[in-house]
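**Student:** Can you keep this structure in mind? I'll have questions shortly.
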Amino acid sequence: MDRYAVIGNPVSHSRSPQIHAAFASATAQDMDYGRLLAPLDGFAQVVAEFRAGGGRGANVTVPFKEAAFSLSAILSERARAAGAVNTLRFDAEGLFGDNTDGAGLVADLRKNLQVALTGKRILLVGAGGAARGVLQPLVAERPALLVITNRSDQKARTLASVAGGPVIARRFEDIQGEAFNIVINATSASLAGEVPPLPTGLFLPGALAYDMMYARDDTPFMAWARAQRAARITDGLGMLVEQAAESFFIWRGICPDTAPVLAMLRAAS
Ligand code: ATR
């Protein structure tokens with residue numbers, strides 16, 4: 001049986017094993033997918049041991065995506081653009097590193113939420129690893145405007161300067177008076193129960209508020225967007241399932257059907 005795992009710290013909360021077990025069963029793949037908790041200073045060793053023990057590939061989650069990037073012998077173009085790797089495949093030539101986060105977000109928006117990005121005004125909140133991972137796939141959809149805003153303004157500027165396309169950086173206070181079709185929270189503020197101090201009036205009619213985090217209940221950002229009367233509000237569970245499907249394809253060469261798996265997870269939460 002081919003073995004895969006998600007490696008992180010913490011990792012016990014990860015829903016990836018459930019998602020990949022559902023994909024494997026639906027596509028008749030003989031594979032096992034587990035969780036591996038790596039010590040903060042022991043990522044490379046956990047990968048090496050898993051590979052030596054017969055592992056075929058892994059997903060990588062917080063806080064090891066940059067470490068996985070450094071460890072990869074061969075990088076996909078999108079992993080290189082993101083500076084981070086969330087999917088490793090253990091090839092004979094060495095570790096192949098890819099990043100499926102951005103493709104997962106775009107697939108969730110387009111397929112599951114039926115939101116077109118072309119010609120839209122997008123606000124991306126955050127400029128850390130999560131934001132960097134989704135920026136290029138968002139730009140590739142050709143929005144009219146993509147504004148990056150972040151607590152540390154310099155990080156937003158740096159990200160915007162290398163992005164190309166209609167991407168600009170603005171401070172929180174400088175987006176007062178602007179409005180968007182899609183507002184994406186790529187910060188980790190929800191983890192601390194916080195919401196970035198965004199101005200009011202950001203949502204155009206019909207706008208979508210998207211938190212890349214997922215949780216059983218509204219995240220603080222989702223609750224804030226609700227109070228701001230955003231027309232549509234969602235968490236990142238769909239993105240999680242879609243990025244997993246992209247990883248599954250990288251490993252197995254098969255595109256699993258995501259809709260039933262997303263419905264199963266929603267029903268279970
Ligand atoms: P990740 O991989 O989750 O993106 P990261 O690279 O540490 O993690 O980035 C965290 C992001 O969340 C950053 O954009 C951070 O803002 P700073 O660059 O100013 O640190 C943002 N963030 C975290 N906590 C936040 C908070 N309470 N309010 C606003 N932004 C926050």
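**Student:** Would it be correct to say that T200 is open to solvent by 50 Å² or more (accessible area, probe 1.4 Å), among the β-branched types (V, I, T) and away from the ligand (no atom under 16 Å from the Cβ)?
**Tutor:** yes
**Student:** Okay, next question. Any residue that is assigned to a helix (DSSP H, G or I), away from the ligand (no atom under 16 Å from the Cβ) and either under 30 Å from S14 (Cβ atoms) or in contact with a His (Cβ under 9 Å, 6 or more places away or on another chain) (or both) - is there at least one of those in the stretch 186-197?
**Tutor:** Taking every residue of the stretch 186-197 in turn, none turns out to be assigned to a helix (DSSP H, G or I), away from the ligand (no atom under 16 Å from the Cβ) and either under 30 Å from S14 (Cβ atoms) or in contact with a His (Cβ under 9 Å, 6 or more places away or on another chain) (or both).
**Student:** Taking the residues in the stretch 10-64 that are within 27 Å of D257 (Cβ to Cβ), part of a helix (DSSP H, G or I) and over 17 Å from the mean Cα position of the chain (by Cα) as candidates, determine which candidate is nearest to the ligand (Cβ to nearest atom).
**Tutor:** Checking each candidate, the answer is Q18.
**Student:** Restricting the search to the stretch 117-153, which residues are outside any strand (DSSP E or B), more than 16 Å from the ligand (Cβ to nearest atom), out of contact with any helix residue (DSSP H, G or I) (no Cβ under 7 Å at 6 or more places or on another chain) and hydrophobic (A, V, I, L, M, F, W, C)?
**Tutor:** A140, A144
**Student:** Is it the case, given these coordinates, that F90 is farther than 22 Å from P196 by Cβ, touching a residue at least 12 places away in the same chain (Cβ under 8 Å) and either surrounded by 24 or more Cβ atoms within 10 Å (Cβ to Cβ) or away from the ligand (no atom under 14 Å from the Cβ) (or both)?
**Tutor:** Yes.
**Student:** Under 9 Å by Cβ, and 6 or more places apart or on different chains, what pairs join a residue from the stretch 107-135 that is under 15 Å from V147 (Cα atoms) and open to solvent by less than 30 Å² (accessible area, probe 1.4 Å) with one that is of a type in the set (F, W, Y) and more than 8 Å from the ligand (Cβ to nearest atom)?
**Tutor:** Sorted first by the residue in the stretch 107-135, then by its partner, the pairs are I122/F180; L123/F180; V125/F172; V125/F221.
The values are calculated or read from the model by the stated rules, or taken from the named source; none is laboratory data. Computed from a predicted model, the values in this text were never measured in an experiment. So basically every Cβ, Gly included, is an ideal-geometry build from the backbone, and we count neighbours across all protein chains shown. Ligands, DNA and RNA are excluded from the accessible area calculation, which covers all protein heavy atoms including side chains. Shrake-Rupley method; radii C 1.70, N 1.55, O 1.52, S 1.80 Å.
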